[in-house]
C-alpha cells in the first residue's frame, strides 16, 4: 500500500517546481516540501524520535506543522495534532494520555508549555521561544534523510482527539491506510485535481482541514495556501488575491465577512469552483444570502466526524436550497451510511434513527479505551455516530439531535459533560446542565443552566473568570441561566430536552 510520504516523494520527482504550499513566510515547491520533510526527519531523529513514538503538533497554520508531520511519518512515528485554543490543563491531559515524547509548538503558543508538566521535549516553529530548540533553524541546518520508506497500512499515522460524553477527550487512532482513503474519498467527492488551489483557513489540526482538504489536495498534486489564522478580512482578501479555487470552513467563516467586511463586491471570487462547509447546516435563507454576497452559488455541505476520517456525506450545490438543513443522502465515495432504529432495523421515510457509517477511513479505535471502542464500532466495522436524523421521502437525512449531547458552535465541538464537570467543581454550584441554543451565525451557542447551593452567591462574570484558565474560550458558556431545580426523571436522569424547549 502507498502512503503520503511516498506520494510526496513522487510529486517531488514528477513536478518538482510546482507550488505545493504557500504560507505568509514563503513558498514551498513539491521538491522543497519533500526535502523539508526529510530534513525534519533528521532533526526529529536527532531528538530521539523513532518508529512508534508520538510527536505532538501544537501549531497554527504554518509550514512547521507540515514539515514535522512528514518528518515524523518518515520515521514511522505517530503525529498528535493539538487544538491551539486549549488551555494548559487540557493540553497537559492530551500530552500525557497520548504519551507524547516531543512536541513541535508555534513560538506564539510557547507559553502553554509552561503550564504542562508532561515529560516531553518542546521545539519551537515559526518563531523562537525561550528555553526551546528552534525546529526551523535545525531543519535548515540539517541534511535531508536519504532513502525511501514503506509504511505499514495499519500502522498508526495520527491520534486525533475528540471529546466524549465522559468529559475527557478520546484519542482516535487513524492508520496510514485510513488517512489515505479519507483523502481519496474527499478528493473524489469534490473533484479536486492538480489544477486546484486550496485555501486552508480553518485550523490545520482539525481532522477535516488536515485529512480531507490539505492531504486531499496534495494527493492530487494541487497547491495549498495556508492562512495562519482566520480573520474575516484576511479570508476574503486571500480568496481574491490568490485566485483560490476551493476552500472549506464552518458556516460562520462565510457569514462573518458579511458583518465585518460588509460589501464584498470589490473582491474577485470568480476562480472559486466550490465552497465547502461543515460543522453545522445552513438554512435556505442563509444559502441565498451567501450566494448573493459571494456572487457564487457553488456551496457544498460536508458531514463527517473525526472517528470516520472524517468521512460521511455530501449535500451538493444543486440541492443546497431545496434541501437546506440536510447533510445529503449518500456517503462520499467508499462510505456506506445507514439510518437505524435502536433494534438495528433500517428507518423508513419520515422516521428518526441513528446514523451508522462504514468506510476504509474509519479509526482503528480509541487510544487506551477498549470499552468506548466496543460501543462505537461493531464486529462488521460499522461506526455508531450518535447523531439522530430524520430521513425524507427522497432519502435525504436531516440531523434532529445529537445523542452524545455535542454542541457545535462556529465549527468547534463542545461536549456538555466536559463543561458541566468544570462548572460543577465551583464551590457554589450544586447542579448544572450545559445545552446548545440555536444561533443564526454560529450554529449553536453554549448555555449553562445552574442551580446554586443554599446560601451561596455567584454571578456570570465571576463564573467565567473561574472557567477561563480551565476551558478553551469557545467552550465557556455565552449565556448563563439560574434555576432553582433542574428537570430530572425519578431515577435522576437529566431531561435536557425540557431545558432546550424552555
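Here are the criteria: (1) under 16 Å from residue 139 (Cβ atoms); (2) buried (at least 21 other Cβ atoms within 10 Å of the Cβ). Tell me which single one residue 11 does not satisfy.
Every listed condition holds for residue 11 apart from (1).
Within the stretch 439-448, does at least one residue satisfy the condition of being closer than 16 Å to residue 353 by Cα and at pLDDT below 90?
Within the stretch 439-448, the subset closer than 16 Å to residue 353 by Cα is none.
Taking every residue of the stretch 439-448 in turn, none turns out to be closer than 16 Å to residue 353 by Cα and at pLDDT below 90.
Could you check the stretch 91-120 and list, in sequence order, the residues that are closer than 15 Å to residue 64 by Cβ, more than 20 Å from the chain's Cα centre (by Cα) and in contact (Cβ under 8 Å) with a residue 40 or more places away in the chain?
Across the stretch 91-120, the qualifying residues are 102, 108.
Against the condition part of a loop (DSSP other than H, G, I, E, B), touching a strand residue (DSSP E or B) at 6+ places or on another chain (Cβ under 7 Å) and surrounded by 19 or more Cβ atoms within 10 Å (Cβ to Cβ), how does residue 363 come out, does it pass?
On the way: part of a loop (DSSP other than H, G, I, E, B): yes; touching a strand residue (DSSP E or B) at 6+ places or on another chain (Cβ under 7 Å): yes; surrounded by 19 or more Cβ atoms within 10 Å (Cβ to Cβ): yes.
So residue 363 fits the description; yes.
Check 272, 244, 204, 159 and return the single one that is surrounded by 18 or more Cβ atoms within 10 Å (Cβ to Cβ) and without any contact (Cβ under 8 Å) to a residue 40 or more places away in the chain.
Values: 244 fails: without any contact (Cβ under 8 Å) to a residue 40 or more places away in the chain; 204 fails: without any contact (Cβ under 8 Å) to a residue 40 or more places away in the chain; 159 fails: without any contact (Cβ under 8 Å) to a residue 40 or more places away in the chain.
That would be 272, the only listed residue that is surrounded by 18 or more Cβ atoms within 10 Å (Cβ to Cβ) and without any contact (Cβ under 8 Å) to a residue 40 or more places away in the chain.
Could you please find all residues in the stretch 187-201 being free of Cβ contacts under 8 Å to residues at least 40 places away in the same chain and either under 21 Å from residue 362 (Cβ atoms) or crowded, with 23+ Cβ neighbours inside 10 Å (or both)?
Result: 187, single match.
Taking only the stretch 346-360 into account, find how many residues are at pLDDT below 95, buried (at least 18 other Cβ atoms within 10 Å of the Cβ) and not in a strand (DSSP E or B).
2
I need the strands (runs of 3 or more DSSP E) fully contained in the stretch 369-460, keeping only those with at least 2 residues that are out of contact with any helix residue (DSSP H, G or I) (no Cβ under 9 Å at 6 or more places or on another chain) and over 26 Å from residue 161 (Cβ atoms). Before you say what the answer is, go through the steps one by one.
Working: elements: 383-391, 397-402, 406-409, 412-415, 429-439, 443-452.
Ranges flagged: 383-391, 397-402, 443-452.
The rows are residues; the columns are (1) touching a helix residue (DSSP H, G or I) at 6+ places or on another chain (Cβ under 8 Å); (2) part of a helix (DSSP H, G or I); (3) more than 21 Å from residue 10 (Cβ to Cβ).
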residue: 90; (1), (2), (3): no, yes, yes
residue: 113; (1), (2), (3): no, yes, yes
residue: 119; (1), (2), (3): no, no, yes
residue: 130; (1), (2), (3): yes, no, yes
residue: 143; (1), (2), (3): yes, no, yes
residue: 153; (1), (2), (3): yes, no, no
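The values are calculated or read from the model by the stated rules, or taken from the named source; none is laboratory data. Small disclaimer: the values here were computed from a predicted structure and weren't measured. Please note: Cβ atoms are built from the backbone with ideal geometry, for glycine as well, and neighbour counts cover all protein chains shown.
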